[in-house]
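One structure is given below, encoded as structure tokens.
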Amino acid sequence: MLKVKGIAIAVAALVGSHLGFTVIPQGLSSDNVEVAIAERRLVMDENGDYYSAGTGPRLAYEWQVVDPDPNGLNCRYYNRRRGPNGRDIYEYPVGTTFQEGELIKSAMIQLDNRGLPWLWIGTSATTEICYVRANSRYVQPVRPLHRGY
């Protein structure tokens, strides 16, 4: 929370890339008003699963593969033109693998029907994408990417 003296303004992030401003009526103002700025951020739960929390635009990140499996980390293939055929992410066929140490870019985190998070690997222009489990056993975040990714 950010404390603002003599100004009664609350800032809240709206879903999407816009920020909205709400003015608090003068009758409710005080010398110190807390201003909350909501933002999307990456969080990890007790199982090592990464989730996107908060509001705002999608959370694009660069990730490093940490899975030591010599066969590589499976990336489950999905073609947006064909659709999922009623299957869920963990049932998609393996389309490619990534080796330990490799850097991958993800535009967002998507949940499967069990509520488990997966990294969406590809860009908004990509028709062929794949998914990697968003878990610390397999990947670790390196840095956030610019919003245009």
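The values are calculated or read from the model by the stated rules, or taken from the named source; none is laboratory data. A quick note: this is a predicted structure, and the numbers were derived from the prediction, not measured. Reconstructed Cβ throughout: ideal geometry from the backbone, glycine too, with neighbour counts over all protein chains shown.
Across region 94-123, which residue is surrounded by the most Cβ atoms within 10 Å (Cβ to Cβ) among those that are outside any strand (DSSP E or B) and in contact with a strand residue (DSSP E or B) (Cβ under 7 Å, 6 or more places away or on another chain)?
Looking at residues that are outside any strand (DSSP E or B) and in contact with a strand residue (DSSP E or B) (Cβ under 7 Å, 6 or more places away or on another chain), I get Gly122.
Kindly list the number of the only condition in (1) of a type in the set (Val, Ile, Thr); (2) farther than 19 Å from Leu116 by Cα; (3) modelled with pLDDT of 90 or more that fails for Val33.
Failed condition: (3).
Results for (1) within 13 Å of Arg133 (Cβ to Cβ); (2) modelled with pLDDT of 90 or more; (3) touching a Phe, Trp or Tyr at 6+ places or on another chain (Cβ under 9 Å); (4) among the acidic types (Asp, Glu), shown as yes or no for each residue.
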{"site": "Cys75", "(1), (2), (3), (4)": "yes, yes, yes, no"}
{"site": "Pro84", "(1), (2), (3), (4)": "no, no, yes, no"}
{"site": "Tyr92", "(1), (2), (3), (4)": "yes, no, yes, no"}
{"site": "Ile104", "(1), (2), (3), (4)": "yes, yes, yes, no"}
{"site": "Ile109", "(1), (2), (3), (4)": "yes, yes, yes, no"}
{"site": "Leu116", "(1), (2), (3), (4)": "yes, yes, yes, no"}
{"site": "Trp120", "(1), (2), (3), (4)": "yes, yes, yes, no"}
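What are the residue pairs meeting all of these: first residue in region 86-105, first residue small (Gly, Ala, Ser), second residue part of a strand (DSSP E or B), Cβ atoms under 7 Å, and 6 or more apart or on different chains?
Correct list of pairs: Gly95/Cys75; Gly95/Arg76; Gly95/Tyr77; Gly95/Cys130; Gly101/Gln64; Gly101/Val65.
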